[in-house]
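The values are calculated or read from the model by the stated rules, or taken from the named source; none is laboratory data. What you see is a predicted model; the values in this text were computed from it and never measured. Virtual Cβ from ideal backbone geometry, glycine too; neighbours counted across all protein chains shown. The area values use the complete protein model at the heavy-atom level, side chains included, leaving out ligands, DNA and RNA. Shrake-Rupley method; radii C 1.70, N 1.55, O 1.52, S 1.80 Å.
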Amino acid sequence: MWYPAVEGTSAFAPYMDKKTANALAEEWKLQPGFQGLVRTHARLLAPIAIGGPFPVVLLEHGSSVVPAIYTVLAEGLVSSGFIVVATNHPPDSLISVFPDGHELKFTPYWPAEADRRTQGVAIGKFANEVLVVDVRFVLDQLQEMNSHDHFWHGQLDLSKIGIVGHSMGGTTAALATQEEPRILAGVNLDGSTYPGMNADVRPIPVHKPFLFLATEEHASGESRAREYVGSESNTYYVVVTGADHMSFTDAHLVSSRFTRDLKPDDSAFERALITSTYTRSLVEEFLAKYLKGSVAPDLDLGVRVDKK
């Protein structure tokens with residue numbers, strides 16, 4: 001959890017724990033110990049800032065990654081006055097490290113030898129029966145914490161909840177926004193709105209404010225135009241030029257600096273920073289509009305809409 005805090009002198013929060021970093025370094029071919037070279041802007045055990053309760057944003061990771069790779073997005077949202085709660089969903093995450101030290105690593109939850117549609121049905125079933133259920137569990141725990149926990153008591157504005165997800169987390173965000181009445185608005189970062197990513201399965205109709213950020217590749221698919229069937233007013237669809245699927249995470253920022261056996265690539269870092277900053281800005285604007293009643297000048301520019 002990240003939260004608006006009083007400026008202090010406590011230790012900076014680590015980018016991620018060592019076991020998680022080791023698993024990510026192996027997966028992404030990064031330098032061992034890279035996490036110790038990444039400086040965050042959060043501090044451990046800092047007092048909560050005055051001005052609460054604060055709106056809450058749930059953060060949903062993609063398959064075979066970890067919540068920490070969305071730190072840039074999370075810290076940006078917190079600097080805009082949100083409390084961000086990131087969930088690690090085993091076995092969909094790359095690794096889950098528990099406080100007692102035991103680990104659960106990514107395990108495919110679809111039949112490996114089956115055809116794509118059968119795999120997709122299994123993925124959609126997992127999204128509904130595990131990922132969305134996890135979201136509900138987290139919301140229940142936040143309600144309990146807000147009522148009874150000494151540190152969090154009264155700090156969470158649970159009447160103003162949004163959700164942001166990337167890739168499979170974007171599918172989770174769409175499903176949870178549709179099905180969970182406590183969630184008022186959602187953001188899908190280059191994920192599918194087809195449960196199981198099958199175009200022959202009806203897409204999720206989201207009848208609440210929703211923001212789609214997509215790559216050009218995602219937007220160009222033949223079935224993508226139908227992906228937003230059922231979405232109504234207050235829906236935004238933004239195609240981010242030059243982005244790839246991992247541009248909505250910290251991945252390219254990290255790899256441009258810490259890829260094993262390669263020198264740091266300043267130009268790659270600058271390109272990644274531009275996309276990351278743009279993504280963060282639009283997500284912050286959208287959630288501020290629908291959770292805080294703020295204006296969204298970039299999102300609400302006049303645009304042409306072709307209805308078919």
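Taking the chain as a Gaussian network of alpha-carbon nodes connected by springs under 10 Å, the highest mean-square fluctuation of the residues G169, G51, G76 belongs to G51.
Solvent-accessible area per residue in the chain equals 50 Å², computed with a 1.4 angstrom probe and all protein chains kept. Computed from label points 7 Å out along Cα-Cβ, the spacing between I274 and S294 is 2.5 nm. Using Cβ point charges alone (K and R +1, D and E -1), the dipole size of the chain about the Cα centre works out to roughly 240 debye.
Considering only G33, F151, G101, and ranking their Cα positions along the charge dipole of the range 24-173 that arises from unit charges at the beta-carbon of Lys, Arg, Asp and Glu, the one farthest toward the positive end is G33. Using a simple spin-label model with pseudo-atoms 7 Å out from Cα toward Cβ, D265 and K105 lie 2.7 nm apart. Taking only Cα atoms and a 10 Å spring cutoff, compute GNM fluctuations for the chain and point out the largest among D261, D100, D134. Result: D100 has the largest fluctuation of those listed. Peptide packing for 266-279, 244-257 was compared via the average number of neighbouring C-beta atoms within 10 Å per residue; ordered from the highest value, the list is 244-257, 266-279. Relative protection proxy for 37-43, 85-91, 53-59, from highest mean packing down: 53-59, 85-91, 37-43 (other beta-carbon atoms within 10 angstrom).
With the simple model of a label 7 Å out from the Cα in the direction of the Cβ, E129 to E27 spans 2.4 nm. Take the Cα of R43, go 7 Å toward its beta carbon, and the backbone nitrogen atoms of the range 5-21 under 16 Å from that spot belong to 5-14.
For the chain, the mean residue ellipticity at 222 nm estimated from helices alone is -10000 deg cm²/dmol, where every DSSP H run of n ≥ 4 contributes -39500 (n - 2.57) and the total is divided by all residues, rounded to the nearest 500.
Selection among F248, L24, V130 by position relative to the dipole of the chain gives F248 as farthest towards the positive end (Cβ unit charges, Cα centre). When each of the peptides 118-128, 139-149 is scored by the mean number of other C-beta atoms lying within 10 Å of its residues, the order from highest to lowest reads 118-128, 139-149. Applying Stokes-Einstein at 37 °C and 0.692 mPa s to the Kirkwood radius of the range 1-137, computed over alpha-carbon pairs, gives a translational diffusion coefficient of 196 µm² s⁻¹. Extension gain for the segment L158 to A112, taken as residue separation times 0.36 nm less the Cα-Cα distance, is 12.6 nm to one decimal. Cross-link reach is defined here as a Cα-Cα straight distance under 18 Å, omitting same-chain residues fewer than 8 places apart; for K105 the lysines meeting it are K18, K19, K29.
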